[in-house]
Amino acid sequence: MSERVILHSDMNCFYASVEMLHHPEFAGMPLAVGGDPEARHGIVLTANYIAKKKGVKTGMALWQAKQVCPEIIFVPPRMDLYLRFSQMAREIYSEYTDKIEPYGIDEAWLDVSDSGNLKGSGMTIAREISHRIKYELGVTVSIGISWNKIYAKLGSDYKKPDAITEFNRENYKDRIWQLPASDLLYVGRQTNKKLQKLGIRTIGQLAESDEKLLESHFGKIGNVLWAFANGWDEDPVCKEGYEAPVKSIGNSTTTPRDLDVWIIQIALAESVAARLRKHGFKCKTVEITVRDNGLYSFSRQIHLRQPTNITNEIVTAAFQLFKDNYKWEHPIRSLGIRAADLVLDDIPVQLDLFGNQEKKEKLEKLDRTVDEIRRRFGYFSIQRAAMYQDKVLSHLDAGTHTVHPHSYFHG
């Protein structure tokens, strides 16, 4: 059996690169995507390389980024735009293999083991994809090539931007084992501190350490990290199918005064459901987050009988979760709704014997009609009657969503 050929493609400074395409007037300037620039709150989601060279880092508060780079330009995130570019990239990948596994919206693994006869070697395919992404989409990618997913991802991180790196059986010890252990997938800050206390600072030292010692300090993840460091990763690249390229889409809001839960949940559910429909997703799980004016917070979720992107079904599930779990001891200040366990909206679904399919189809048609009206005339051109009970609370920015990537471990 021939050895696998795995690529990991990572679009460089993805959000910022897409925004630079749509803002040519900012060419040559430091730019960051994130938060609300006018309200001066939020964090940097990503920055272009000009800003990074001046010290701007992902996760920085906007005011911190402004301190290290006074001339920086902030733009708010537009997830619909980034998802569109992600889908276009996947269409390019699909011309080389049907084994495509997203890792967030800007990264993906590709198993091109069976593509050699038609498309050439892994390096040939990587060069073609890099060229096409650059000239068809206008952004750049860094691509790693190896016989396993972990080393392929290390390859895409090894040299940026717009680079291709191959780690094979002949060079991996010379190149990968010299890298810091923190470069390995799932070695976070706390894990790295514990490794350093054990005298383990490089991937090579991790690979050559005693597996039982790692297991005693880290549990099962110690065995996993030891295997990853040695390149013993046989995890398959999932075949392209019904799984969505992101794990969940959510929206939340915090208000300067106590809020009406039903009104805000309607607004949030409309926002999340519209985003699901726009990108062809349905969710199998609805989750809410709640924070009161005493800063107590919790999250709860419910699994649905059928996947949905219908506003009524999402808000009904969310409100039931709230009623079942909130004790009404303090007024609410912050609410969030997240649609999780996403699937593509054309997935076959078993009809529910206890449901009203005709009503469901009418609600779907109604939602899509509202989507079209808002697309043409603006979000506030059509509103539910309940929203007019409190125009301040119902005036929610429905364009701000949190998109959560998939974990490496499936399930």
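Below is a table of values for the structure above.
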{"quantity": "For segment 98-139 versus segment 299-319, the gap between their alpha-carbon centres in whole angstrom", "calculated": "36 Å"}
{"quantity": "For segment 159-172, Karplus couplings with θ = phi - 60° (6.51, -1.76, 1.60), whole Hz, Gly/Pro x", "calculated": "9, 9, x, 6, 9, 10, 10, 10, 10, 10, 4, 7, 10, 5"}
{"quantity": "Amide H contacts under 5 Å for T140, placed H, 5+ residues apart", "calculated": "N12"}
{"quantity": "Hz values of 3J(HN,Hα) by residue in segment 265-282 - Karplus curve (6.51, -1.76, 1.60), Gly and Pro given as x", "calculated": "5, 4, 4, 5, 5, 4, 5, 5, 5, 4, 5, 4, 5, 4, 9, x, 10, 10"}
{"quantity": "Vicinal HN-Hα couplings computed from phi for segment 145-155 (Karplus, 6.51 cos²θ - 1.76 cosθ + 1.60; Hz; Gly/Pro x)", "calculated": "10, 6, 8, 8, 5, 5, 5, 4, 5, 4, x"}
{"quantity": "Segment 8-138, relative contact order [Cα under 8 Å, separation at least 6], %", "calculated": "22 percent"}
{"quantity": "13 Å beta-carbon shell around T58, net charge (K/R +1, D/E -1)", "calculated": "+1"}
{"quantity": "Anchor K194: lysines whose Cα lies under 24 Å away (excluding residues fewer than 8 positions away in-chain)", "calculated": "K153, K173, K212, K220"}
{"quantity": "Proximal aspartates and glutamates to K327, defined as alpha-carbon separation beneath 20 angstrom and excluding residues fewer than eight positions away on the same chain", "calculated": "D258, D260, E287, D292"}
{"quantity": "Rounded accessible area per residue of segment 85-149, 1.4 Å, Å²", "calculated": "38 Å²"}
{"quantity": "Charge tally in the Cβ shell below 14 Å around D324, where Lys, Arg are +1 and Asp, Glu are -1, D324 excluded", "calculated": "+2"}
{"quantity": "H131 - accessible surface, heavy atoms, 1.4 Å probe, Å² rounded to 10", "calculated": "110 Å²"}
{"quantity": "Partners for K360 among lysines (Cα-Cα distance below 26 Å; same-chain residues under 8 apart left out)", "calculated": "K247, K278, K282, K284, K323"}
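The values are calculated or read from the model by the stated rules, or taken from the named source; none is laboratory data. Bear in mind that the values here come from a model prediction, so they are computed numbers and not experimental data. Using ideal geometry, Cβ is built from the backbone for each residue, glycine included, and neighbour counts are taken over all protein chains shown. Heavy atoms of the whole protein, side chains included, go into the accessibility calculation; ligands, DNA and RNA do not. Shrake-Rupley method; radii C 1.70, N 1.55, O 1.52, S 1.80 Å.
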